[in-house]
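Peer 1: Supplied in structure tokens, the structure appears directly below.
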Amino acid sequence: MKNIRNFCIIAHIDHGKSTLADRLLEFTKTIDSKELQAQVLDSMDLERERGITIKSTAVQMNYEYGGEKYILNLIDTPGHVDFSYEVSRSIAACEGALLIVDAAQGIQAQTISNVYMAIEHDLEIIPIINKIDLDSARPDEVEDQIVELLGCPRSDILRASGKTGIGIEEILAAVIERVPAPTGDPEAPLQALIFDSVFNPFRGIIAYFKIVNGSIAKGDLVKFVNTGKEYDADEVGILRLGMEARQRVECGDVGYIISGIKTSKEVKVGDTITHVKNPCDKAIEGFEEVKPMVFAGVYPIESEEFENLRASLEKLQLNDASLTFQPESSVALGFGFRCGFLGLLHMEIIQERLEREFNMDVITTVPNVSYKVYDKKGAVKEVHNPAGLPDPTLIDHIEEPYIRSSIITSTTYIGPIMTLCLGKRGILIKQEYISGDRVEIIFDLPLGEIVIDFYDKLKSISKGYASFDYHIHDFRPSKLVKLDILLNGEPVDALSTLTHADNAQSFGRRMCEKLKELIPRQQFDIAIQAAIGAKIIARETVKAVRKDVTAKCYGGDISRKRKLLEKQKEGKKRMKQVGNVEVPQKAFLAVLKLD
Ligand code: GDP
Ligand code: MG
């Protein structure tokens, strides 16, 4: 055990974590540079394309240093806030962390939140200034920032380039010399922390764990403490680039277990594995049930596809326990599902996977958060859909989730960012200078305001020089009202939103204006109205088209006419018939695009 090192890499997105991981694998000859596909740790196609790591993975490297053989377990962590719980669990499986900071960008919001997490778990932090090959690199300035953040001596900070390979050897030496070997009692009852799981179509669910105490052998009867379920360990092993089966995985090591688990719901990240005979006293601390916070309706465009959509969502859920879904129906959209996501990126990823991997054409409604609705008798109900709100006369008050967010930016942009956050009902908690002209602003904000067009606005007003990170803080009472949209007098439930009473008027007006832009002209006038209860607060009209588009083809070229009709059909693919009005998918997301 004294020659094991378990470490992770923490970084703000794009600071070069995956690239550096590749160099480490290459340098330790875990992987041949010839067969090195860029960023081997990002295994899903989608991750590769988007350049983000969604699911964390682990990989073992063997390395000789000072005449001794070492086992280095690198645990990759996802880099996006939506997946911060997974980050925290992978961090808990390590004794050390490489903290990567881009030499040109400096410390960003996720750098700080990851550092706090690493400190909380007592990890040895090895700070690395990466991308020093860049012309725009400012390593001295970034060094100041790191010293300020960690309070470490300058000499602790390494400089590297994942691109050119500078500093890789020094990083490996630092891992061995500075990161403590895992402690733990090999003779104690088994206690293994599950930090990730994946679905394999042939083997079922594979859970990744780190052994904190004891050891696990093939054939053992084990129990997952938090779910209470028991399994036979059909196969256990370590993680090289792929899985390598072993008779036994020892204390301090990182490994996997295959035990006939069929759905990802049974394997909860953060759960503890122990033996059924001679179990450990208690579970490893810090287990949390991840709860989706952002909800949206997902509807098939063709209503016959409902069962296919269900099957597709079930398959996705095998791989992604944080996705939830429940059948719901909408007057406007028919039968579909209310899906729960960890955040907006998670929602986008699911939507994209439905389309790409399952060929599903779906309509997604405006995302909303989870509300706590208190009735006059004091009973509380969680509502995941504005359309599901009880009758207003029965409601005592509504609470909505608030986040605590950290924004790091240059002093130049403080003004506009303050204006943006205050406009989103934000409450300023603290403002702190980091170094030079960089400042961290802490705001409490309603999550419901963030899921709607916050990132894009932040990015544009700061010209990209603001980073953002958040966690759910608490629920607070708010004066929320339900805003309905009517098309030709018919309320369209899928367009209902909950909004703050003070903003409702302007919000309703902007919704109507936007919908007018997005709904194409049809054979008749379309009235678009916004209403709170029975009161209409805004109105726009989409004027009718006059001409039949195919009229000019009569007597003419039949194939041209067919083409035109096909084109119309193509356009319709993303349309949904609501009453007698054709509504495009874009319109259901209009609220995300308000000016
Ligand atoms: P991650 O999001 O932290 O995993 O970052 P990636 O490893 O995907 O890198 C983000 C971008 O930075 C990619 O375009 C990389 O090619 C680039 N990059 C990574 N490391 C370096 C480096 O050391 N030098 C330079 N110039 N570019 C780098
Ligand atoms: Mg990456």
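Peer 1: Just checking, does region 68-88 include any residue being open to solvent by 10 Å² or more (accessible area, probe 1.4 Å), more than 16 Å from ligand 2 (Cβ to nearest atom) and within 27 Å of GLU348 (Cβ to Cβ)?
Peer 2: Scanning region 68-88 turns up at least one residue that is open to solvent by 10 Å² or more (accessible area, probe 1.4 Å), more than 16 Å from ligand 2 (Cβ to nearest atom) and within 27 Å of GLU348 (Cβ to Cβ).
Peer 1: Just one of PHE468, PHE454, PHE475 is within 17 Å of HIS384 (Cα to Cα) and among the aromatic types (Phe, Trp, Tyr); which is it?
Peer 2: PHE475
Peer 1: Now a separate question. Out of PRO392, PRO386, PRO401, report the one residue that is touching a residue at least 60 places away in the same chain (Cβ under 8 Å), open to solvent by 60 Å² or more (accessible area, probe 1.4 Å) and not assigned by the TED database to the domain that holds GLU143.
Peer 2: PRO392
Peer 1: So which residues in region 15-30 are near ligand 1 (Cβ under 8 Å from one of its atoms) and within 19 Å of ALA118 (Cβ to Cβ)?
Peer 2: The answer is HIS15, GLY16, LYS17, SER18, LEU20, ALA21.
Peer 1: Kindly indicate the residue of region 386-424 that is outside any strand (DSSP E or B) and hydroxyl-bearing (Ser, Thr, Tyr) and also modelled with the lowest pLDDT among those meeting that condition.
Peer 2: THR393
Peer 1: Check PHE287, PHE295 and return the single one that is within 18 Å of the chain's Cα centre (by Cα), under 25 Å from TYR85 (Cβ atoms) and aromatic (Phe, Trp, Tyr).
Peer 2: Exactly one of PHE287, PHE295 is within 18 Å of the chain's Cα centre (by Cα), under 25 Å from TYR85 (Cβ atoms) and aromatic (Phe, Trp, Tyr), namely PHE295.
Peer 1: Do we have any residue at all in region 233-244 that's in a strand (DSSP E or B) and farther than 25 Å from ASP22 by Cβ?
Peer 2: Yes, region 233-244 has at least one match.
Peer 1: Let me ask you something else. Of the residues PHE443, PHE454, which is free of Cβ contacts under 8 Å to residues at least 60 places away in the same chain and touching a Cys at 6+ places or on another chain (Cβ under 6 Å)?
Peer 2: Being free of Cβ contacts under 8 Å to residues at least 60 places away in the same chain and touching a Cys at 6+ places or on another chain (Cβ under 6 Å) holds for just one of PHE443, PHE454, which is PHE443.
Peer 1: Of everything in region 69-87, what is charged (D, E, K, R) and at pLDDT below 95? Give them in sequence order.
Peer 2: Hits for region 69-87 are ASP76, ASP82, GLU86.
Peer 1: Mind listing whichever residues of region 289-311 are under 29 Å from ASP196 (Cβ atoms), open to solvent by less than 60 Å² (accessible area, probe 1.4 Å), outside any loop (DSSP other than H, G, I, E, B) and in contact with a strand residue (DSSP E or B) (Cβ under 9 Å, 6 or more places away or on another chain)?
Peer 2: Hits for region 289-311 are VAL294, PHE295, ALA296, VAL298, LEU309.
Peer 1: When the residues of region 335-367 are filtered to those that are under 22 Å from ALA321 (Cβ atoms) and assigned to a strand (DSSP E or B), which remaining residue is modelled with the lowest pLDDT?
Peer 2: Taking the candidates together, the pick is THR364.
Peer 1: Let me ask something else. Among the residues of region 368-383, write down those that are open to solvent by less than 20 Å² (accessible area, probe 1.4 Å) and free of Cβ contacts under 8 Å to residues at least 40 places away in the same chain.
Peer 2: Hits for region 368-383 are VAL373, VAL383.
Peer 1: Tell me, please, whether a residue that is open to solvent by less than 10 Å² (accessible area, probe 1.4 Å) and in contact (Cβ under 8 Å) with a residue 12 or more places away in the chain can be found in region 431-439.
Peer 2: yes
Peer 1: Shifting gears a bit: Tell me which residues, restricted to region 229-263, are under 30 Å from the mean Cα position of the chain (by Cα) and over 17 Å from SER197 (Cα atoms).
Peer 2: Correct list: GLY252 only.
The values are calculated or read from the model by the stated rules, or taken from the named source; none is laboratory data. Since this is a predicted model, take the numbers as computed values, not measurements. Please note: Cβ atoms are built from the backbone with ideal geometry, for glycine as well, and neighbour counts cover all protein chains shown. Areas reflect the complete protein model, heavy atoms only, side chains present, ligands, DNA and RNA absent. Shrake-Rupley method; radii C 1.70, N 1.55, O 1.52, S 1.80 Å.
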